[in-house]
1. Counting Lys +1, Arg +1, Asp -1, Glu -1, what net charge surrounds N241 among other residues with beta carbon under 12 Å of its beta carbon?
2. Going by C-beta contacts inside 10 Å, put T243, T199, T217 in order with the fewest on the left.
3. For the residues W79, W136, what sequence is obtained by ranking on other C-beta atoms within 10 Å, fewest first?
4. Under 12 Å from the Cβ of A286, count the other residues' Cβ atoms, weight Lys and Arg +1, Asp and Glu -1, and hand me the total.
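Where a number appears in this text, it was derived from the coordinates with a stated rule and is not lab data. Quantities reported herein were computed from a predicted structural model and do not represent experimental measurements. Glycine gets a Cβ as well: all are built from the backbone with ideal geometry, and neighbour counts include every protein chain shown.
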Amino acid sequence: MANPTLTGGVRRTLARLSLLAVLAGSALSATAGAAVLGRDDRNNADAFLPTQNRMFGGLGRIECLGAGSGGISFNATGWVIGSADTVITAAHSFFPRDRRGRSAAVRDPAHCIFVLYNEDQSVREIANIRYAVSPWADQTKRGDGSFDFAVVKLAHRVRVSSIPAVSTAGGRDRPAAQLLAFQTGVTQDQRARITRGRTAAFPFAAGVEPTNGVRITDGSRLFSSSTNSSPGSSGGLYFDNVTGKAFGLHIGTLCDTSAGGVSYDPYRCFNYGLRFDRTMLASVDAVVRDAPSDDQLIPPDTRYPTAAAMLVALAEGQARS
């Protein structure tokens, strides 16, 4: 009996299915993870986001107190969207997992603040968080990278002169995309960075289940990226200079590290983001109108009122100064 001949399309499909198995079983970082995928450009002079660039004056950090930590124990990037008291970030900012990928206690948004920094790394403004919404409030969607976003309502409007426009055409290839985010492992880490690279369609439809418990059920909502990132970049803004619009939210990394070093490969090692669509924009609009859907509210945690009180006092004191 003759051996069947595989077409190029079938070969590519089988190769991708094989890679899914490799990714699922390998040492993989995703969502909370991030990676420098080539030459590290994060400390270059042109990587620093100048504060005089008013379009991105609302790019800041979500900073959270851990229970019993006595100080900030987590931070992610967030940015003003829709109105001056509304911020978008990654959902996993509020839904941590342990090292085995198991769900930990939900991080109460009330234990977090939104901070804007000056170019000299001093604090420009602090806002307390009233509430946050996310599809991950639904247990069936929690941990799904296809819905890894959260929209935050601040206790007051922050002072910004411009808010980025948003495009829903995030799935197409962009040879010159920018990621605007805060980075760690760099000099002057309280200054936002611009890293540059390309974005492309996400290479898998579904089924990626990294070792930290994050899964992907709908790859069409995502895109891959070669821009460099690091822990703290989650929630960063993907921007297209050609259209002058934001087109996505930085989520994390998928990378097969079994072969050794980390370098960009569009199928085996890439950062990835969540593109804007009607679902995301509907959540943003609801928070802008201060009319959040009850089933998307991230539940508050009242076990640690002292931590929340500390943050409220910090934010209110800064607002008066």
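1. On the way: positive: R174, R196, K245; negative: D240.
Computed value for this residue: +2.
2. Details: T243 12, T199 29, T217 15.
By the 10 Å Cβ count, ascending: T243, T217, T199.
3. On the way: W79 28, W136 23.
Ascending Cβ contact count within 10 Å gives the list W136, W79.
4. Working: positive: K153, R289; negative: D285, D290, D294, D295.
Value of the local net charge: -2.
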